[in-house]
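Values in this text are rule-based calculations from the coordinates and carry no lab data. Quantities reported herein were computed from a predicted structural model and do not represent experimental measurements. All Cβ positions, glycine included, derive from the backbone under ideal geometry; neighbour counts span all protein chains shown.
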Amino acid sequence: MSSLTGAKLHLYEMNGAKIAVDAAGGAVHLLDDVSWAILQKGLMESRAEAVAALPGFPRHLVQEAWDELDQLKDGGLLFGDEPWRSWTPPEEVPVKALCLNVAQSCNMACKYCFASPYTRAQDLMSLEVALMAVDWLVAHSGSRRHLEIDFFGGEPLLNWKIIPPVVEHARGYKDKVFSFTLTTNGLLLTEDKIDFLNRENIQVVMSLDGRPHIHDAMRPPAGGSYSTYHRVVPRFIQLADSRDHRNYYIRGTYTNANLDFTEDVRHLVELGFREISLEPVVALDGPFALGDEHVPMILQEYERLAEFYLASRREGVPFNFFHFQVDLFSGPCLAKRLTGCGAGYEYLAVTPKGEIYPCHQFIGREGFLMGHVEEGGVDPSITRLFREAHLFNKEGCPDCWARYFCGGGCHANAHLFNGDIHKPHGGSCLLHKKRLECSFYIQSQLWEASQA
Ligand code: SF4
Ligand code: SF4
């Protein structure tokens, strides 16, 4: 595979498809051989020069291709300007979402869990704190109408008793519209809970890593020795079936033990799931951590996954893979493209004690306690730190070809690996860019198939 990358243009080949990404405007172009040669050799200054430099192609084809590329340039779809480079974030951004860590406890002892001490502690959020958190969100949401609450942990179903009253309380605010998400390992998922989650239209994120031996090796029960895979899969299938395979996704983790993770996605598809996300493990070290030595294999595996994704579509078994769902036609607004996830000001996490942190990954990290839901405001210096950590203030981002698809990466990863939210984790960047390349490749192939 060949590629050429710069702050303005990214050119790459994947399985014979030649693709150009205009870094400024985010336009993606599928190229023929002549256009590829013109761009790769940097021949957009003059048409005559391009003809002279490419004697291997018929003159009229070079001229035609050059003219088409020139039109794209004129239309701002190639080598576009970026007048928003001087963008500054607004002074005030109302809060949109809270992650409620309703159970800082867990009935599994997953080996890669960033919150592994939860297994030992029994720390459940009281209903009083949870209701206070909802009121806090409403009070800090300004004129925003649509608000979000994530029930998270640990394992939130350990504290099920507070979830229905929290939902009811939030729905009592008639001038706000709440969406809810619940992330669960599935061990305590029962029919009555499924009924409630369906009735209240709560999105469910189900943690499942893929093949039985992969899942069970990483996700043993706390204080037991049974297969959690065999316990949770029937419940997850029941839940997905009961809501016609909508408003859920399977969220798995891969480690160095399953660098062939396409097989895990294949297994999930064979189980009947159609909404799938598989994330690299977040770990500094340890026997399952991902290191630089694993990156080449992972990049190759994403290409294999892209081919499996396309083959499944051709065979009439389409599924969605979270990281391949890039909307090229109506992507996020400018502010979102420049800032990414909104952690620390738009999106915050609350511990069982009511403490507020920039997001679930920052919980317990020194220097990131922002306030308490009982006390009103949050530390403005932390809010400002995150608001101003947009991609023009991050190391390497202003000239990265993927900048407007990425928004500057995950602050928590940057802080974990490099001790600074402004210094993105290089390994995560490589993986993210590869997933983008795969998703553009997929869209180019689907577009070509639709034209045939
Ligand atoms: S975080 Fe990494 S991938 Fe994202 S824009 Fe910055 S350098 Fe590029
Ligand atoms: S900082 Fe990272 S982990 Fe936290 S919300 Fe943003 S993307 Fe997610």
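Within segment 167-182, list the residues whose amide N lies under 12 Å from a label point set 7 Å along Cα→Cβ of THR190.
none
Just report the Cα centroid separation between segment 59-98 and segment 211-278, whole Å.
39 Å
Give me the distance between the Cα centres of segment 399-445 and segment 316-379, rounded to whole Å.
The two parts, judged by their Cα centres, are 16 Å apart.
For the peptides 223-230, 10-17, 341-348, what is the packing order when you average, over each peptide's residues, the other Cβ atoms within 10 Å and list the highest mean first?
Going from most to least packed, we get 341-348, 10-17, 223-230.
Could you give me the ³J(HN,Hα) list for segment 277-285, computed from phi with Karplus coefficients 6.51, -1.76, 1.60 and θ = phi - 60°, whole Hz, x at Gly and Pro?
After applying 6.51 cos²θ - 1.76 cosθ + 1.60, I find 9, 9, 10, x, 4, 9, 7, 5, 7 Hz.
Tilt of helix 426-451 relative to the longest C-alpha principal axis of the chain, in degrees (0 to 90, nearest 10)?
60 degrees
Would you mind checking which residues have amide H under 5 Å from LYS18's amide H? H placed 1.01 Å from N; only 5 or more apart, or other chain.
LEU31
Can you check what the net charge comes to around GLY210, using other residues whose Cβ is under 9 Å from the Cβ of GLY210 (Lys, Arg +1; Asp, Glu -1)?
Net of charged neighbours comes to -1.
Just for the chain, what percent of DSSP beta bridges are antiparallel, to the closest 5?
Taking every DSSP beta bridge within the chain, about 40 percent pair in antiparallel fashion.
When the Kirkwood radius is taken over all Cα pairs of segment 3-81, what Stokes-Einstein diffusion coefficient follows at 37 °C and 0.692 mPa s, in µm²/s?
After rounding, the answer is 262 µm²/s.
If amide H atoms are built 1.01 Å from N in the plane of the peptide, which residues on other chains or at least 5 residues away come under 5 Å of the amide H of SER179?
Distant-sequence amide H within range of SER179: LEU147, GLU148, ILE149.
Could you go through segment 388-396 in sequence order and give the Karplus-derived ³J(HN,Hα) for each residue, using 6.51 cos²θ - 1.76 cosθ + 1.60 with θ = phi - 60°, rounded to whole Hz, and x for Gly and Pro?
Result, ordered by residue: 8, 8, 7, 5, 6, 9, 10, 5, x Hz.
Treating only the Cβ of Lys, Arg, Asp and Glu as charged (+1, +1, -1, -1), what charge dipole size does segment 3-81 show about its Cα centre? Round to the nearest 20 debye.
Dipole magnitude for segment 3-81 comes out near 200 debye.
If you place +1 on the Cβ of every Lys and Arg, -1 on the Cβ of every Asp and Glu, and leave all else neutral, what size is the dipole of the chain about its Cα centre, to the nearest 20 Debye?
For the chain, the charge dipole is close to 580 debye.
Just name one of LEU61, PRO318, GLY364: the one whose Cα is farthest towards the positive end of the charge dipole of the chain (beta-carbon charges, Lys/Arg +1, Asp/Glu -1).
GLY364
Among DSSP beta bridges whose residues both lie in segment 30-183, state the antiparallel percentage, nearest 5.
10 percent
Would you kindly state how much longer the chain becomes between ASP74 and ALA217 on full extension, computed as 0.36 nm times their sequence separation minus their alpha carbon distance, in nm to one decimal?
46.0 nm
If packing is taken as the average count of other Cβ atoms within 10 Å, what order do 203-213, 268-278 fall into, highest mean first?
Ranked by mean Cβ neighbours within 10 Å, highest first: 203-213, 268-278.
Per residue, how much space in cubic angstrom lies within the convex hull of the C-alpha atoms of the chain?
155 Å³
How much net charge surrounds PRO89 when only the other residues with a Cβ under 11 Å from the Cβ of PRO89 are counted, with Lys and Arg +1 and Asp and Glu -1?
Local charge sum for PRO89: -2.
Please list, ordered by chain and number, the residues whose modelled amide H lies under 5 Å from the amide H of TYR254; skip anything fewer than 5 residues away on the same chain.
Under 5 Å from the amide H of TYR254: GLU279, VAL281.
Quick one: 3J(HN,Hα) in Hz for segment 78-92, Karplus 6.51/-1.76/1.60 with θ = phi - 60°, rounded, Gly and Pro as x.
9, 6, x, 7, 10, x, 7, 4, 8, 4, 10, x, x, 5, 10
Taking 29 Å as the cut-off for C-alpha to C-alpha distance, list the pairs among LYS174/LYS394; LYS8/LYS96; LYS8/LYS336 that go past it.
With Cα atoms farther than 29 Å apart: LYS174/LYS394; LYS8/LYS96.
Could you point to the residue in THR383, LEU416, ASN185 farthest towards the positive end of the chain's charge dipole, with +1 and -1 charges on the Cβ of Lys/Arg and Asp/Glu respectively?
ASN185
Kindly rank 252-261, 280-289, 61-70 from highest to lowest mean number of other beta carbons found within 10 Å of each residue.
Top to bottom by mean Cβ count within 10 Å: 252-261, 61-70, 280-289.
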